[in-house]
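The structure appears right after this line, and notes come after that.
The values are calculated or read from the model by the stated rules, or taken from the named source; none is laboratory data. Being a predicted model, the structure only gives us computed values, none of them experimental. Positions of Cβ are backbone-derived with ideal geometry, glycine not excepted, and every protein chain shown enters the neighbour counts. All accessible areas refer to the heavy atoms of the entire protein, side chains included, with ligands and DNA or RNA removed. Shrake-Rupley method; radii C 1.70, N 1.55, O 1.52, S 1.80 Å.
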Amino acid sequence: MTNRKIEYWVIPPDADAEFAAQMEAVLELYARPYDPSRPVLCMDEQPVQLQRETRIPRPATPQHGKRVDYEYERAGTACVFMFTEPLAGWRDVQVRPQRTKVDWAIAVARVLEERYTEGQVVQLVCDNLNTHTKGAFYEAFEPERARQLVRRIEFCYTPKHGSWLNIAENELSALTRQCIEGRRFGNIETLQAETAAWSRDVNTIQRGVDWQMKVDDARCKLASVYPKIKS
């Protein structure tokens, strides 16, 4: 019997009007020219398992690479929040102990208050999760501050099963491959320091994101997503 390779893929839904509508909203937003007064900000997140070494690793030598014992001790989890402004070529990584509504709101508030001027409206692209809501700010802050933050955000959610439309997911994938994958982080502080160094380095050497797919492309290549209109 011949073994066949299985490929895991994001298979779009068929004839899903809501998916099509949200997809086109995201694509239209990406197609707009850069507007510093209304920047487009994408965010995504992922959990990371913290792992503490049980034995001191041996450094690399001319004869062999660095040697790490196969045993490790679980040290809890953390959540990496990725923010990117695609047309400005800017990225910011935050690491928090959890991925609750409060953690998300605190992470977003930090970006709004540290990067953007007061009153500047940000168009936020994110996945439609139950933690990504206006109410999250009211769980994290006093009503006055929460309202100030909410006024500054225009949400643009990716469709369900359409997170590939989120540019921050691509940046998070790059961070994972280049900084996290194959390494052990015994505590949040180390993970914070390493991911912060990654974002500083990438912000220095990499330009903005050139997103190619447009609405017309989607209507052609993803025609099955659109409902068939009966005449």
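Would you please put 98-107, 50-59, 131-140 in order of how densely packed they are, using the mean number of other Cβ atoms within 10 angstrom per residue and starting with the highest? Spell out each step's value before the answer.
Working: 98-107: 19.1, 50-59: 12.3, 131-140: 17.6.
Final packing ranking: 98-107, 131-140, 50-59.
When you take every Cα atom in the stretch 110-177, what is the radius of gyration, and what is Dmax, the widest Cα pair distance, in Å?
For the stretch 110-177, the Cα-based Rg and Dmax read 13.5, 40 Å.
Return the sequence-ordered ³J(HN,Hα) values of the stretch 107-118 in whole Hz as given by the Karplus equation 6.51 cos²θ - 1.76 cosθ + 1.60 applied to θ = phi - 60°, using x for Gly and Pro.
These are the phi-based 3J(HN,Hα) values: 5, 5, 4, 4, 5, 4, 7, 9, 9, 10, 6, 4 Hz.
Residue by residue, what Karplus-based ³J(HN,Hα) values in Hz, rounded to whole numbers, does the stretch 32-48 have, using 6.51, -1.76 and 1.60 with θ = phi - 60° and x for Gly and Pro?
6, x, 4, 10, x, 7, 9, x, 8, 10, 10, 9, 8, 8, 7, x, 10
Counting each DSSP H run of 4 or more residues in the chain as -39500 (n - 2.57), what helix-only mean residue ellipticity at 222 nm follows after dividing by all residues, to the nearest 500 deg cm²/dmol? Display every interim value, and only then the final one.
Values: 7 runs with 79 residues, N = 231.
Here the helix-only value at 222 nm equals -10500 deg cm²/dmol.
Between the stretch 26-59 and the stretch 121-153, what is the C-alpha centre distance in whole Å?
Here the answer is 18 Å between Cα centres.
Please list, in order along the stretch 17-24, the HN-Hα scalar couplings obtained from phi with the Karplus expression 6.51 cos²θ - 1.76 cosθ + 1.60 (θ = phi - 60°), rounded to whole Hz, x for Gly and Pro.
Using θ = phi - 60°, the values come out as 5, 5, 4, 4, 5, 5, 4, 5 Hz.
Based on the Kirkwood radius over alpha-carbon pairs, what value in µm²/s does the Stokes-Einstein equation return for the translational diffusion coefficient of the stretch 130-231 at 25 °C and 0.890 mPa s? Let's see the in-between values first.
Numbers: Rh = 17.9 Å.
Answer, rounded: 137 µm²/s.
Percent of accessible area on the chain owned by carbon and sulfur, 1.4 Å probe?
On the way: 7050 of 14240 Å².
Taking all protein chains in place, the chain shows 50 percent carbon and sulfur surface.
Where does the Debye-calculated log10 I(q)/I(0) of the chain sit at q = 0.10 Å⁻¹, using only Cα point scatterers of equal weight, no solvent?
Summing over Cα pairs of the chain leads to -0.58.
Could you put Thr190, Thr84 in order of accessible surface area, largest first, with the 1.4 Å probe and the full protein assembly present? Please report the intermediate quantities before stating the final value.
Numbers: Thr190 60, Thr84 0 Å².
The most accessible residue leads, giving Thr190, Thr84.
Taking only protein heavy atoms into account and a 1.4 Å probe, give the accessible area per residue of the stretch 14-123 in Å². Walk me through the intermediate numbers first.
On the way: 5910 Å² over 110 residues.
Ligands and nucleic acids excluded, the result is 54 Å² per residue.
So, how do all the Cα-to-Cα distances of the stretch 1-119 break down into 5 Å bins, in percent, from 0 on up?
In whole percents, the pair-distance histogram is 2, 8, 11, 11, 12, 14, 13, 11, 8, 7, 3, 1, 0.
Report, by chain and number, residues whose modeled amide H sits under 5 Å from the one on Glu154, excluding near sequence neighbours (fewer than 5 apart, same chain).
Val122, Gln123, Leu124
Report, in listed order, any pair from Lys160/Lys221; Lys5/Lys66; Lys160/Lys228; Lys5/Lys160; Lys134/Lys160 with a Cα-Cα distance greater than 25 Å. Please report the intermediate quantities before stating the final value.
Values: Lys160/Lys221 19 Å; Lys5/Lys66 32 Å; Lys160/Lys228 20 Å; Lys5/Lys160 27 Å; Lys134/Lys160 19 Å.
Flagged as over cut-off: Lys5/Lys66; Lys5/Lys160.
What residues qualify as long-range amide H neighbours of Gly76, i.e. H under 5 Å apart, gap of 5 or more or another chain, H built at 1.01 Å from N?
Leu50
When the Cα centres of the stretch 83-118 and the stretch 178-202 are compared, how far apart do they sit, in Å?
If we compute the Cα centre of each part, the gap is 17 Å.
List the residues, sorted by chain then number, that are 5 or more residues from Gly89 or on another chain and whose placed amide H is less than 5 Å from its amide H.
Those lying under 5 Å, H to H, from Gly89 are Gly208, Val209.
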